[in-house]
1. In the set G86, G73, which member is on the phi > 0 side of the Ramachandran plot, at pLDDT below 90 and not polar (S, T, N, Q)?
2. Does at least one position in segment 34-54 carry a residue that is out of contact with any Leu (no Cβ under 6 Å at 6 or more places or on another chain), surrounded by 12 or more Cβ atoms within 10 Å (Cβ to Cβ), assigned to a helix (DSSP H, G or I) and modelled with pLDDT under 95?
3. Are any residues in segment 48-91 among the hydroxyl-bearing types (S, T, Y) and touching a strand residue (DSSP E or B) at 6+ places or on another chain (Cβ under 8 Å), and if so, which ones?
4. Out of the residues in segment 58-112 that are hydroxyl-bearing (S, T, Y) and exposed (fewer than 12 other Cβ atoms within 10 Å of the Cβ), state the one that is nearest to K25 (Cα to Cα).
5. Restricting to segment 95-106, give me the number of residues that are more than 11 Å from the chain's Cα centre (by Cα) and either small (G, A, S) or at pLDDT 90 or above (or both).
Amino acid sequence: MEIIKILVLYSLLLLLGCSASSVVKPGNTKSKYAPQNEGNRTGIVKYLNQGASFVRESRREDAYKQMHENCGGKYNIVNEGIRSEGGTIVPIGNSAMYADSQYMYIEYKCIR
């Protein structure tokens, strides 16, 4: 019974992060004097790729929205993939279990 409670708690924690976040925004450069062709031509967003399918779909939709807003419209996805990042230690009786967090990273390029 205790294991079920722990799994329910872990599932609820996965549902909490319901949005994507920008890792790199396209077009950012560190110098105001930099040439137009310098700087990031691509951007990166990430979202937690765990939980119920409707939650993952909502996070992906939020990633689409952020990419659209960062580009002021049209963009292309250049690359995407899953990366392990951080995790959670879940106590089970006298021991513990480690569950890593899987994030989807999407690299995109604005269309001008």
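The values are calculated or read from the model by the stated rules, or taken from the named source; none is laboratory data. A quick note: this is a predicted structure, and the numbers were derived from the prediction, not measured. Cβ coordinates were reconstructed from backbone atoms using ideal geometry, including for glycine residues, and neighbour counts include every protein chain displayed.
1. G86
2. No.
3. Within segment 48-91, the first condition is being among the hydroxyl-bearing types (S, T, Y), and the residues that meet it are 53, 58, 64, 75, 84, 88.
The answer is Y75, S84, T88.
4. Residues of segment 58-112 hydroxyl-bearing (S, T, Y): 58, 64, 75, 84, 88, 95, 98, 101, 103, 105, 108.
Okay, now just the ones that are also exposed (fewer than 12 other Cβ atoms within 10 Å of the Cβ), so 84, 95, 98.
Working: S84: 21, S95: 42, Y98: 32 Å.
Here the answer is S84.
5. Step one: of segment 95-106, the residues more than 11 Å from the chain's Cα centre (by Cα) are 95-100.
In the following step, the residues that additionally are either small (G, A, S) or at pLDDT 90 or above (or both) were identified as 95-96, 99.
Within segment 95-106, residues that are more than 11 Å from the chain's Cα centre (by Cα) and either small (G, A, S) or at pLDDT 90 or above (or both) number 3.
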